[in-house]
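Encoded as structure tokens, the structure appears first; notes follow it.
The values are calculated or read from the model by the stated rules, or taken from the named source; none is laboratory data. Nothing here was measured: the structure is a model prediction, and the numbers come from that model. Please note: Cβ atoms are built from the backbone with ideal geometry, for glycine as well, and neighbour counts cover all protein chains shown.
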Amino acid sequence: MLLQNEIDARLGASLVSKKRIILAYLHKSKTFQSMNVLGIETSCDETGVAVYDSQRGLLAHALFSQVKIHAEYGGVVPELASRDHVRKLIPLIRKVMGDAGTVPGDIGGIAYTAGPGLIGALLVGASVANSLAWAWGIPIVAVHHMEGHLLAPMLEPDPPDYPFVALLVSGGHTQLVRVEGIGRYQTLGESLDDAAGEAFDKTAKMLGLGYPGGPALAKLAEQGMPGRFKLSRPMTDRPGLDFSFSGLKTQTLTTLAATQGSLQDKADLACAFQEAVVETLIIKCRRALLQCGLKRLVVAGGVSANRLMRTELDQLARKEGFQVFFPRLEFCTDNGAMIAYAGCQRLLKGRLMPPEIQSRPRWPLDELKPA
Ligand code: KG4
Ligand code: ZN
């Protein structure tokens, strides 16, 4: 917090200049019929930037993935992540603004991920975003990373209407949320231990696969024989919408130890693990839709890129008469476009904030205010 206060003091400047900028925002807020928003995502191991135009849609977006940097350590090294964001963010902003055909004067607001995430990584995005907003004299909005994921399907040609149930499945979160509108979220259930993506990553590591584990495990599972192993569907035999995935990981390890550990054994186990996670998630989605009396489901976050998950949910939706919405594959995992979109919706509603560094490693989604 000391660091944050210090940066705030340096960047946020004096009370007088803060007041001047807030007044400028209030004045501009009357004219926010449309705007271009620069979105900045640096919460973990991807530097994502986008320009979203409230009338024309997404103008440009790009991503620097840090996969190669972290791969040799088998997981994200927070300090290396922060340093790479420092290196990549400004060149990426230049590129994306160029691709979008925009100059600073065209940008009406800046949206950045303020949390949850790795504190050092978040601070890089927050500092750059606040510096640019200050220099360009434009409003800024601190975006919740999971709200970004939740709204990512809104970037697609056929977005869902509100209300809907959202399943958020990423590396750090597994949540079922009732969504009435932007910022109107009620958590229905969540993971009591590992997030679904985390379970994929840890299990992949046990199977000797590299980082990031989710996609690697899913790829290996394609060579597996379905049905050879049957793993449990945790917490599906009792009421409620919470999840628990850490036992499944242990069960996979025990099952592996009882085999020869050949590549085929591993592929068969990967297949069983993927089926167990996907079926567990789907059982709870179905239950949440019934409980809420809703027929629209959004699935977002890194694990929503899982092919088995997408196919099975599409089939169930057709059979049971509900609609399911996913982001396109590249917007399932972290990206700047979802942050630009979420920030734009809040800025258009006049949700203006004073220029200050906001970085929250933990930030419950329920704490958000409606736009
Ligand atoms: O949303 P995201 O990019 O970052 C966080 O906010 O955490 O999600 C990353 C997570 C990782 O755990 C990764 O292994 C998982 O999503 N993931 C997948 C797949 N693609 C990414 N898990 C299963 N199958 C996939 N195809
Ligand atoms: Zn994410």
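Observations
- Any hit, segment 268-276, residues being outside the structural domain of Tyr52 (by TED's automatic domain parsing), under 30 Å from Lys230 (Cβ atoms) and surrounded by fewer than 21 Cβ atoms within 10 Å (Cβ to Cβ): yes
- Checking Glu180 against (1) free of Cβ contacts under 8 Å to residues at least 24 places away in the same chain; (2) within 20 Å of the chain's Cα centre (by Cα); (3) surrounded by 15 or more Cβ atoms within 10 Å (Cβ to Cβ), the condition it does not meet: (3)
- Hits in segment 284-333 - residues which are among the hydroxyl-bearing types (Ser, Thr, Tyr), part of a helix (DSSP H, G or I) and within 16 Å of ligand 2 (Cβ to nearest atom): Ser304
- Residue tally, condition within 16 Å of ligand 2 (Cβ to nearest atom) and crowded, with 22+ Cβ neighbours inside 10 Å, over segment 204-223: 3
- Restricting attention to segment 334-353 and to residues that are assigned to a loop (DSSP other than H, G, I, E, B) and in contact with a Gly (Cβ under 8 Å, 6 or more places away or on another chain), the residue that is farthest from ligand 1 (Cβ to nearest atom) turns out to be Asn335.
- Selection of segment 240-252 for residues being surrounded by fewer than 14 Cβ atoms within 10 Å (Cβ to Cβ) and touching a residue at least 12 places away in the same chain (Cβ under 8 Å) yields only Gly240.
- When we screen Asp268, Asp366 for residues that are within 17 Å of the chain's Cα centre (by Cα), more than 15 Å from ligand 2 (Cβ to nearest atom) and charged (D, E, K, R), the only hit is Asp366.
- Wholly within segment 184-280, helices (runs of 4 or more DSSP H) carrying at least 1 residues that are more than 16 Å from ligand 1 (Cβ to nearest atom) and modelled with pLDDT of 95 or more: 246-257
- Subset of segment 50-82 [more than 18 Å from Asn335 (Cβ to Cβ), part of a loop (DSSP other than H, G, I, E, B) and of a type in the set (A, V, I, L, M)]: Val77
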